[in-house]
Amino acid sequence: MSEPAKIARRPLLLALAAVLGMGVVGGGIYESSGLWRRHRSASAYDDLLGSLSDRDAANRLGNAVLAETETFSIRDTARELRTRIGHRPLSAALGEDMAQDRISEAGGWILPETLALLCALAAKVG
C-alpha cells in the first residue's frame, strides 16, 4: 500500500486566505456600488415609485409616455395607481392590465397601462 499524498500546510493556508480575500474584496465592491447610484429626495409618491427597480430607466420611458400624452395630472395619476396597485406586488397589477387589455404604446414600446402611468409619474417627480 502506498502512503496518502501529503499536502503542505503553508500553501494550503495561503490559498484559503487568497480565496477569502477575494470574497471580501468582491463583497466590498458589490456593496459599494450602491454609493454611486443617484440619491433622490423623498416625495409623496415614494410608496408607488419604490416598486420601480431602475428609476433612471423609468424616467426615460416616462418622458416618452408624457410626450404622447396631452394632459397629465400627478395627483389623479397617483390616485389611480394607488387604486390599481393597492398593497399587491406591481407584477400582479401588470398581469391584471394584460388580462383586461389595458395596454399603452410609448416610444415604440408596448406596455401595460399601469407601468406607463408609473413611469410617467416617475418622470414628473424626478
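Just one of the numbered conditions (1) touching a helix residue (DSSP H, G or I) at 6+ places or on another chain (Cβ under 8 Å); (2) surrounded by fewer than 12 Cβ atoms within 10 Å (Cβ to Cβ) is not true of Ser73: (1).
What are the residue pairs meeting all of these: first residue in the stretch 109-126, first residue in contact (Cβ under 8 Å) with a residue 60 or more places away in the chain and within 13 Å of Ala64 (Cβ to Cβ), second residue charged (D, E, K, R) and part of a helix (DSSP H, G or I), Cβ atoms under 9 Å, and 6 or more apart or on different chains? Here the result reads Cys119/Arg60; Ala122/Arg55; Ala123/Arg60, each pair linking the stretch 109-126 to a residue that is charged (D, E, K, R) and part of a helix (DSSP H, G or I). Scanning the stretch 93-126 for residues that are out of contact with any strand residue (DSSP E or B) (no Cβ under 9 Å at 6 or more places or on another chain), surrounded by 12 or more Cβ atoms within 10 Å (Cβ to Cβ) and not aromatic (Phe, Trp, Tyr) returns Ala106, Gly107, Thr114, Leu118, Leu121, Ala122, Ala123, Lys124, Val125.
Of the residues making up the stretch 26-72, those that are under 16 Å from Leu111 (Cα atoms) and at pLDDT below 75 number 0. Here Thr83 passes the criteria (1) surrounded by 10 or more Cβ atoms within 10 Å (Cβ to Cβ); (2) assigned to a helix (DSSP H, G or I); (3) at pLDDT 90 or above except the one numbered (1). Taking residues in the stretch 14-27 that are among the polar types (S, T, N, Q), and partners anywhere that are surrounded by 10 or more Cβ atoms within 10 Å (Cβ to Cβ), not one pair has Cβ atoms closer than 6 Å while being at least 6 places apart or on different chains.
The values are calculated or read from the model by the stated rules, or taken from the named source; none is laboratory data. Since this is a predicted model, take the numbers as computed values, not measurements. Virtual Cβ from ideal backbone geometry, glycine too; neighbours counted across all protein chains shown.
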